[in-house]
Amino acid sequence: MNMKKVMTPVLTAASLLVAVNASADIELTEGLTATGFIDMSIYAVENDTNPDTAMGLDQWEIDLMYDFGNGTTARVDLNDLGDGMVVEQAYVEVDLGSGFATKAGLFLSALGYEGPEPVDLWQYSYSATIIGYPGYSNGVALMYGTDAFSMYVSVLDGSYDADEDAESLSVEAQLKLFPVEGLTFQAGYASQDFDAVEALEDVPAAEAYDQGIINFWIEYTTGALTVAAEYNVLMEIGGVDGDGDGYLVMANYAFTDKFGLTLRTSGVSLDSGYEDTAFTISPSYAINDNLFVLLEARTDDYNEDTLDGESYAAEMIFSF
């Protein structure tokens, strides 16, 4: 399984990760700018159940942003994962003054340490605990920020599936603290109700369940070193027997302004019996301000031995 493509869903940038986003936005006309990336990789997984190799274009994206000049901005992200272009995000954001802002439209959840895009990651693959992350949803959010902390709350059509159904709304909340320079702490909550499903031929009935996450992460950057840890309380992920937890511990060190190394361990365990513990090592190199390459070696230890295995990847990201 290509772990780079199983996520259905926000990250700070430091040391080498900055190289991926180093280039400035392209100004198309007054007030209108564009940014984006092209992501290519070679990937191989070795296990007893589903060994696989793949090579090609993983995805490309272009993001358009317009500043109306009166505290109002609009953003549209266009993304292609290989099966056609889709609108990934499309929202309007308004600066209300005194630290307050609001946005409405289709946008990404504020929860989770690892971002959804390759330019947001320290390595090629997502962590094992990514299965609990919310994703893109339709709704409205209110934000408040100071130098010491920020708060976020949103009302959405569905934290996990953006179903455009207003009868059962989801709520997300987040608090970020910045107690000292380089240190960020985040706590957040998201939940969505899923209806019961009647039995069909060869498909058993499914009970109603309330999928959710309580998400904590902390990051500290000092000089060339960035360390982070995340812990998730997972609630009914995929069904009533999906309670559990997950974690991530990561360190990135930039040996030079071009070369860095990331080490990460992550895990997840659900009452349903699903378990995975993963270890990742990923060296990376910034060829220039626009071109970034990395390698990754990963091991996964599942509760079923036939799924255990190793995966290897080489990735090149061109960003603008």
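Some points to look at:
- Residue that is farthest from GLN89 (Cα to Cα) [pool: residues in segment 39-54 that are modelled with pLDDT of 95 or more and of a type in the set (A, V, I, L, M, F, W, C)]: ALA44
- Hey, THR72 at pLDDT below 95 and either in contact with a helix residue (DSSP H, G or I) (Cβ under 7 Å, 6 or more places away or on another chain) or more than 29 Å from TYR312 (Cα to Cα) (or both) or not: no
- Only listed residue being within 27 Å of GLU93 (Cα to Cα), among the aliphatic types (A, V, I, L, M) and part of a loop (DSSP other than H, G, I, E, B), chosen from ALA173, ALA187, ALA166: ALA166
- Among the residues of segment 232-264, the ones that are of a type in the set (D, E, K, R) and under 21 Å from SER159 (Cα atoms) come to 4 in all.
- All of SER127, SER150 fail the test of being on the phi < 0 side of the Ramachandran plot and in contact with a Ser or Thr (Cβ under 9 Å, 6 or more places away or on another chain), apart from SER127.
- Within segment 162-188, the residues that satisfy the criterion of being surrounded by fewer than 18 Cβ atoms within 10 Å (Cβ to Cβ), closer than 16 Å to TYR136 by Cα and more than 18 Å from the chain's Cα centre (by Cα) are ASP163, GLU164, ASP165, ALA166, LEU169, VAL171.
- Members of segment 238-255 found to be modelled with pLDDT of 95 or more, closer than 18 Å to GLY273 by Cβ and not in a strand (DSSP E or B), listed by number: ASP243
- The set of residues in segment 189-241 that are within 23 Å of TYR160 (Cβ to Cβ), among the β-branched types (Val, Ile, Thr) and surrounded by 14 or more Cβ atoms within 10 Å (Cβ to Cβ) comprises ILE213, ILE214, VAL233, ILE237, VAL240.
- The residue pairs whose first member lies in segment 84-95 and is farther than 20 Å from THR72 by Cα, whose second member is assigned to a strand (DSSP E or B) and hydrophobic (A, V, I, L, M, F, W, C), and whose beta carbons are closer than 6 Å, counting only pairs six or more residues apart or on different chains, are MET85/LEU78.
- In segment 272-282, the count of residues that are of a type in the set (Val, Ile, Thr), in a strand (DSSP E or B), modelled with pLDDT of 95 or more and in contact with a Gly (Cβ under 9 Å, 6 or more places away or on another chain) is one or more.
- Matching option when the condition is among the polar types (S, T, N, Q), under 25 Å from LEU32 (Cα atoms) and either outside any strand (DSSP E or B) or out of contact with any His (no Cβ under 8 Å at 6 or more places or on another chain) (or both), among THR73, THR53: THR73
- Extreme residue, surrounded by the fewest Cβ atoms within 10 Å (Cβ to Cβ), among residues of segment 137-153 that are over 11 Å from GLN174 (Cβ atoms) and under 19 Å from the mean Cα position of the chain (by Cα): ASN138
- Residue that is out of contact with any helix residue (DSSP H, G or I) (no Cβ under 8 Å at 6 or more places or on another chain), over 26 Å from SER284 (Cβ atoms) and not β-branched (Val, Ile, Thr), where the choices are ASP83, ASP77: ASP83
- Total residues in segment 104-136, condition more than 9 Å from the chain's Cα centre (by Cα), surrounded by 22 or more Cβ atoms within 10 Å (Cβ to Cβ) and among the hydrophobic types (A, V, I, L, M, F, W, C): 4
- Every condition in (1) part of a strand (DSSP E or B); (2) under 17 Å from GLY112 (Cβ atoms) holds for TYR160 except the one numbered (1).
The values are calculated or read from the model by the stated rules, or taken from the named source; none is laboratory data. All values reported here derive from a predicted model rather than from experimental measurement. Because the Cβ atoms are built from the backbone with ideal geometry, glycine has one as well, and the counts that use them run over all protein chains shown.
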